[in-house]
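The values are calculated or read from the model by the stated rules, or taken from the named source; none is laboratory data. Remember, predicted model here, so these are calculated numbers, not experimental data. Note: ideal-geometry Cβ built from the backbone for every residue, glycine included; neighbour counts use all protein chains shown.
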Amino acid sequence: MLDTLRMFFHGFAVLMTFETVIAILIGCIMGIILGAMPGIGALAGISLLLPLTYMFSPITAIALLGAIYYGNMFGGAYSAILLNIPGDGPALMTTLDGYPLTIQGKSGKALLTSNFSSAIGGTIGMIILVFFAPALARLGLKFGPAEMTGLLLLAMTSISWLVGDSPIKGLVSCLLGILVATIGIDVVSGDIRYHFGNMYLFGGIPFVPLVIGFVGFSTVIAMVSETKTHMVTGAKISMRESMPTKHEWKRLLPPAIRSGILGTFVGIVPGCGAQTAVFLGYAMQKKFFKSEVPLGTGAIEGIAAAESADNAASAGSFAPLLGFGIPGSSVGAVLLGGLMMWGLNPGPLLFSTNPDFAWGTIASLFIAGIFALGCGLLVMPWLRKILSVPMNILIPVVTTVCIVGSFSTSRSMYGVIIMLAAGVVGYVFNKFEYPTTPFMLAFILSPMLETSLRRSLLISRGSLAIFFGTPISTVFILLFIAILLTPIVRSAIKKIKQNSKTA
Amino acid sequence: MKRMTLVFSVLVLVVGMVFAAGGQQSDGAASDWKPTRTIEWHLGSDPGGGNDIFTRAMIEILNTKGISDANFTINYNKDGDGEVVKMLTSRATGVTAAHTLLGVVCGDVPSMIRAGNHTLDDFIPLAITASETELFLVSKNSPYKSVDDIVAAIKGGKKMSITGGGYDDQISYLKLIDSIGVTEEDITLIRTRANPESLTMVMGGHVEICISKASAALPYLESGDMIPIAVAASNRLPSAPFNAAPTLGELGYKNIDNPVWRAIYASANMPKEAVDYYVRIFKEMTETPEWQVFLDSINASRIDGYIGEEKARPFIKDYEDYIRSAFSF
């Protein structure tokens, strides 16, 4: 333990050069800006900057890219909260409570809750990473197809808690999400499904244009087609009013800490992604813990749970990346490519062969967290101006952001077309009061679940026993069954009690 | 109504601008040819992957060694699982065709045949620049430490799984089971998206065997977490730790060869002068010591003799014929 701490502080010592500290600061600012622009995000930013990092030492380079990654997670919430445009999967859950708070004129509260929760989640993730990185990486390896199936089944149950008032409409929305997700190449067999002869559909429906359209552009359509508009403009965000009160700190801290711990452990599972962590964190808050106002109506507990899980999962994903050279996300894959380009071999020996680099990377993420929080607080006055923009200017601006964001994700008009179509479908969903969240969650989770399930059954030659083959998968499956049966058992007990009373 | 008109106008304006930016020029090629604008290098994959690393290294050498002073820009576009960049390349004409390249890895060939949108005739293969070798690996904790152990276990009734990333890995798998005389039912292929996912499955003990490019397996071989049990080539790799992997021929089975090659394609419409230019610069580039240093750093090999269409095309044609015979599509 002491040796770990010594190496960790050594990591800080390695970082403390003017060049590296400035690189982290610039990275944070760029990350926040890129994250705030839907569809651009950390992946594009890091990919574009990768060639430039040749001119730096590997430690400065990874510190810069890590800071972009970290800053991006802070910035990702801004457009979700202010404009109802989630730029990526994890930000989707932030819109659920962040945008209602904006409508209530409390966008400042939402933004600061998001900033502080991101910092809390990231710090928890980094602390766990520092002390348990090798053990976490090994734990991540325990998650094979059967364990992933169990975890994703649990995550899928969270959809049922987010269906809203009408379970039937929620189910329809969820099933449509699953259906749309099946379009494209089937990873397990290599078959191409539901492409209708259109080569663009071979690769499936891209997520970011879909979510920008479904959530963001549908709001634009609603604003221009209905007299009753949702977007609030002119609301000023003063720092003093926006700062969480003592009572609000009490509201946001517990979910942020819980989600931070959960998110870290979900983040270490290669291929699981921050979005799974965010859904589970949000669902955990909704199902098992009380919030002052219901989640989905502007609860800061919801923002805290989602944002903390996002940052913690991103920190956790560095465990398999640094420990085994296994990227947990697409951003991780680019960072891995960067490590190889700089002549480093990320893998089990990285901590022993390049301790300066490995510990320097972890230390740089700590510093990036502090800088990102500071930058996040500093940009608040400028964010105020977004909501001060008159509606007749804001609507075209948001429309442009939607188009450019969806174009930059797929770098083609295909993304724009998907965004426009998704906007119309999202509008129809809202018009007829079908919940959109189950659609998006099913779209993200079901391909991962399908792949894991089919891989498991291929390995076991069709035997379901594989799901009870290890303690981890057994626990997940039993939990899943328990969650499924709970309402049935409750209703049965209720009936029995009623019968005994009447008897 | 005012708002509706406003949004519609912005939509039309922005969409029009984006279309214009992404559109292609249709003017003809210059006669005395040299790049006159940025060369767009299409990749049907994400940044950070093998294709990207190779392409960036090539551009770096071309520019820093003064072989070409042209500007190159990499266009990552996974639309249509890589089919869209093939379309953009094959349909390019005139000046656009002369400034458009496509990075191809051998695993793209089965995808292209399966999708049926393009054939080799739509392209000019300018050069095959490098190849990588694949290894069959098991975890250090596996009870099976060699190909013989695996064959013996299968003969004893054990069913196993093997995992690999793309079509290139699938070809190694098909060649392996053919060589050691077992069926697809005896060893089932679990397809993954990429090598890291496969390595995770084997190191975690979820699947018995993994197919991986040698370069991707290096850290795990050095740490001792993985053991190479065979190489998908008729000769051992020259350097440690890869040279610990025997050929299947050495183990008494039929030798197999599955080099994972990388090539650069251009549109069939690329003017002759431009083709000559690219063939020349790629030939010069692959002959630099820097290219060899790069290949050594990622444990890849130089392929000599496949620069230029007349040499590269027959090689790729043969590969296509093999794919058609090995797969049912």
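Points worth noting:
- All of B:139, B:146 fail the test of being in contact with a Gly (Cβ under 8 Å, 6 or more places away or on another chain) and over 19 Å from residue B:310 (Cα atoms), apart from B:139.
- Of the residues B:220, B:265, the single one that is farther than 14 Å from residue B:132 by Cα, crowded, with 16+ Cβ neighbours inside 10 Å, of a type in the set (Phe, Trp, Tyr) and modelled with pLDDT of 95 or more is B:265.
- Scanning segment B:88-102 for residues that are within 21 Å of the chain's Cα centre (by Cα) and surrounded by fewer than 24 Cβ atoms within 10 Å (Cβ to Cβ) yields B:88, B:90.
- Matching residues, segment B:146-175, being crowded, with 21+ Cβ neighbours inside 10 Å, under 20 Å from the mean Cα position of the chain (by Cα) and more than 11 Å from chain A (Cβ to nearest Cβ): B:164, B:168, B:169, B:171, B:172, B:173
- So residue B:133, is it surrounded by 22 or more Cβ atoms within 10 Å (Cβ to Cβ), in contact (Cβ under 8 Å) with a residue 40 or more places away in the chain and within 23 Å of the chain's Cα centre (by Cα): yes
- Residue count for segment A:60-96, restricted to those that are in a helix (DSSP H, G or I) and either of a type in the set (A, V, I, L, M, F, W, C) or under 19 Å from residue A:419 (Cα atoms) (or both): 23
- The residue that is modelled with the lowest pLDDT, among those in segment A:338-358 that are within 20 Å of residue A:140 (Cβ to Cβ) and under 25 Å from the mean Cα position of the chain (by Cα), is A:346.
- Segment A:191-216, residues that are closer than 25 Å to residue B:169 by Cβ and surrounded by fewer than 17 Cβ atoms within 10 Å (Cβ to Cβ): A:191, A:193
- Inter-residue pairs, beta-carbon under 8 Å, first more than 15 Å from residue B:34 (Cβ to Cβ) and in segment B:54-75, second β-branched (Val, Ile, Thr) and part of a helix (DSSP H, G or I), 6+ apart: B:74/B:55; B:74/B:59; B:75/B:85
- For residue B:102, the conditions (1) without any contact (Cβ under 8 Å) to a residue 40 or more places away in the chain; (2) away from chain A (no Cβ under 11 Å); (3) assigned to a strand (DSSP E or B) are fulfilled apart from (1).
- Verdict on residue A:449 being closer than 30 Å to residue A:145 by Cα and modelled with pLDDT under 90: no
- Selection status of residue B:326, within 27 Å of residue B:184 (Cα to Cα) and more than 17 Å from the chain's Cα centre (by Cα): yes
- Members of segment B:40-54 that are closer than 19 Å to residue A:412 by Cβ, more than 7 Å from chain A (Cβ to nearest Cβ) and touching a strand residue (DSSP E or B) at 6+ places or on another chain (Cβ under 6 Å): B:40, B:41, B:42, B:43, B:51
- Just one of (1) within 29 Å of residue A:453 (Cα to Cα); (2) part of a helix (DSSP H, G or I); (3) not hydrophobic (A, V, I, L, M, F, W, C) fails for residue B:193. It is (2).
- Within segment A:358-381, the set of residues being in contact with a Leu (Cβ under 7 Å, 6 or more places away or on another chain) and under 15 Å from residue A:7 (Cα atoms) comprises A:358, A:360, A:361, A:362, A:363, A:364.
- Test for residue A:85: is it farther than 27 Å from residue A:281 by Cα and touching a residue at least 12 places away in the same chain (Cβ under 8 Å): no
- Some residue of segment A:47-59 being part of a helix (DSSP H, G or I) and under 15 Å from the mean Cα position of the chain (by Cα): no
- The set of residues in segment B:196-212 being in a loop (DSSP other than H, G, I, E, B) and facing another protein chain (nearest Cβ under 7 Å) consists of B:204, B:206, B:207.
- Screening the candidates A:458, A:441, A:394, A:420 for the property of being away from chain B (no Cβ under 13 Å) and in a helix (DSSP H, G or I) yields one hit, A:441.
- Those residues of segment B:185-217 which are modelled with pLDDT of 90 or more and under 19 Å from residue B:299 (Cα atoms), in sequence order: B:210, B:211, B:212
- Considering residues of segment B:176-195 that are out of contact with any Pro (no Cβ under 9 Å at 6 or more places or on another chain) and under 17 Å from residue A:141 (Cα atoms) only, the residue farthest from the other protein chains (Cβ to nearest Cβ): B:195
- Matching residues in segment B:38-80 - criterion: being more than 16 Å from residue A:338 (Cβ to Cβ) and of a type in the set (Lys, Arg): B:65, B:78
- On inspection, residue A:103 fails the criterion of being more than 14 Å from chain B (Cβ to nearest Cβ), crowded, with 21+ Cβ neighbours inside 10 Å and either β-branched (Val, Ile, Thr) or within 26 Å of residue A:317 (Cα to Cα) (or both).
- Test result for residue A:156, assigned to a helix (DSSP H, G or I) and over 19 Å from residue A:320 (Cα atoms): yes
- Against the test of being without any contact (Cβ under 8 Å) to a residue 24 or more places away in the chain, closer than 24 Å to residue A:242 by Cα and small (Gly, Ala, Ser), the options A:135, A:110, A:80 yield a single qualifying residue, A:80.
- Any hit, segment A:163-174, residues being assigned to a helix (DSSP H, G or I), within 22 Å of the chain's Cα centre (by Cα) and under 18 Å from residue A:89 (Cα atoms): yes
- Qualifying residue in segment B:115-128 (condition: within 9 Å of chain A (Cβ to nearest Cβ) and surrounded by fewer than 19 Cβ atoms within 10 Å (Cβ to Cβ)): yes
- Search result, residues across segment A:411-431 that are closer than 13 Å to residue A:173 by Cβ, touching a residue at least 40 places away in the same chain (Cβ under 8 Å) and surrounded by fewer than 24 Cβ atoms within 10 Å (Cβ to Cβ): A:425, A:429, A:430
- Taken over segment A:137-155, the criterion of being surrounded by fewer than 21 Cβ atoms within 10 Å (Cβ to Cβ) and away from chain B (no Cβ under 13 Å) is satisfied by A:154 alone.
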